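Colleague: Have a look at this one.
All of the numbers you see were taken from the coordinates with simple rules; none came from a lab. None of the values given here were measured: they were computed from a predicted structure. We place every Cβ from the backbone using ideal geometry, glycine too, and count neighbours over all the protein chains shown.
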Amino acid sequence: MYHSILTGIAQGDGKTHSSFKRAKVDEDVGKKAIEELVERGIIRVAKANNTFSSWEKNEKVDNKLYFTAPFLRFWFAFVSPLFKGVRDGDFKEVKERFSKHEQEFIQLTFKELSQTFLQKQFKDDAIVEMGSYWDRENEFDIYAKTKSGKTIVGNCRYTKSKTKKSELTRLQNSALNTKIKADIFVLFSLNGYSNELKSLKSDTLKLYSLKHFKALL
C-alpha cells in the first residue's frame, strides 16, 4: 500500500485525492498511510493557501504531498515501478519513461530552487512565508509574504523557449481571479525572456533565469 501511494505521488500532481486514486485506496486508508510516511520523513504535506472569495467557491481544496528528497521522487516515478528490468540490467523502459516525463519532473525541482533563491534575494525585507498557491481554478508556483507585509506571486517556466509577456499577463489574471493583491510579480525562466518582457522589468516585476542560481552554490 505504501509503495502504491508513493508511486501515485511521484507520477501525479501530488494532490491527496489524485494520489489516493492512483494508488487505488480509499481516503481513510490513504490518510493513515500519509501520517506514517510523514513520521518516517519520506514525504511532507503542503496545505492549500487559497484565500476566501465566496461561500459558493469555498470548497475544500486538496493538500499536496511532496517527497523530502528529489531522489525519492525519482525512484518512485521511474525506478521502482520498473524495478524488474532495472534489476536485470535492462534500463530501456526507465530511459523511455524519463524521456517522456523529464520536463514535468524537473519542473518541480526548478520551482523549489526558485523559492529557495528568492528567499535569499529579499534581505532588506525578509520573506517570512514562502510556498505555492492553488485552488480549484487557479495556481501559481510562488506565493510569499515579506516582513513588511508585501505579497509576492510568481511562476516558474522550465522550457526551451523564452518567456513572453503573455506569461506575465496570465500570472496577473490568476492573482486577480483569486483576489490576491500582489505587490511584486516574479518570473523564473530557464532560457530567459523576450525583449518586450525585459523592458517591463522594475521594482514590482522581477525576472530571473537559470544563471541566477549560481547564488545558491
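Colleague: Could you name the aspartates and glutamates in cross-link range of LYS179, using Cα to Cα under 17 Å and dropping any fewer than eight places away on the same chain?
Modeller: Within the straight-line cut-off, LYS179 pairs with GLU56, GLU59, ASP135, GLU137, GLU139, ASP141.
Colleague: Grab the beta carbon distance between PHE91 and LYS21, set R0 = 30 Å, and tell me the FRET efficiency rounded to 0.05.
Modeller: Working: r = 29 Å, r/R0 = 0.97.
About 0.55, to the nearest 0.05.
Colleague: Where Rh is the Kirkwood radius over the Cα pairs of the chain, the temperature 25 °C and the viscosity 0.890 mPa s, what D in µm²/s does Stokes-Einstein return? Don't skip to the end; give the middle numbers.
Modeller: On the way: Rh = 19.0 Å.
D = 129 µm²/s.
Colleague: Given region 94-217, report the % of alpha carbon pairs whose separation exceeds 19 Å.
Modeller: Across region 94-217, Cα pairs with separations above 19 Å total 49 percent.
Colleague: Here's another thing I want to ask about it. Place +1 on the Cβ of every Lys and Arg and -1 on the Cβ of every Asp and Glu in the chain, take the dipole about the Cα centre, and give the residue among PHE213, ALA182, HIS3 whose Cα lies farthest towards its positive end.
Modeller: Checked the options; the winner is PHE213.
Colleague: What does region 2-90 give for Rg and for Dmax, in Å, if only its C-alpha atoms count?
Modeller: 15.0, 56
Colleague: With +1 on each Lys and Arg Cβ and -1 on each Asp and Glu Cβ, how big is the dipole of region 2-90 about its Cα centre, in debye rounded to the nearest 20? Could you put the intermediate results ahead of the total?
Modeller: On the way: 15 positive and 12 negative charges, 27 e Å.
Using Cβ point charges on Lys, Arg, Asp and Glu, region 2-90 gives about 140 debye.
Colleague: So, with +1 on the Cβ of K and R and -1 on the Cβ of D and E, and no other charges, what is the size of the charge dipole of the chain about its Cα centre, to the nearest 20 debye? Mind showing how you got there, number by number?
Modeller: On the way: 39 positive and 28 negative charges, 134 e Å.
For this selection, approximately 640 debye.
Colleague: Let me ask something else. Is it possible to state the helix-based mean residue ellipticity at 222 nm for the chain, with each DSSP H run of 4+ residues giving -39500 (n - 2.57), the sum divided by total residues, to the nearest 500 deg cm²/dmol? What is it? Don't jump to the answer; show the numbers that get you there.
Modeller: Values: 8 runs with 88 residues, N = 217.
So the helix-based figure for the chain works out to -12500 deg cm²/dmol.
Colleague: Could you give the dipole magnitude of region 110-216 about its Cα centre, charging the beta-carbon of Lys and Arg +1 and that of Asp and Glu -1, in debye to the nearest 20? If you can, show how the numbers build up before the last one.
Modeller: Values: 20 positive and 12 negative charges, 78 e Å.
Using Cβ point charges on Lys, Arg, Asp and Glu, region 110-216 gives about 380 debye.
Colleague: Strictly over 22 Å apart at the Cα level, which of LYS84/LYS111; LYS120/LYS165; LYS162/LYS201; LYS95/LYS160; LYS47/LYS198; LYS181/LYS201 would you flag in this model? Don't skip to the answer; put the middle values down first.
Modeller: Values: LYS84/LYS111 32 Å; LYS120/LYS165 26 Å; LYS162/LYS201 15 Å; LYS95/LYS160 20 Å; LYS47/LYS198 33 Å; LYS181/LYS201 19 Å.
Exceeds cut-off: LYS84/LYS111; LYS120/LYS165; LYS47/LYS198.
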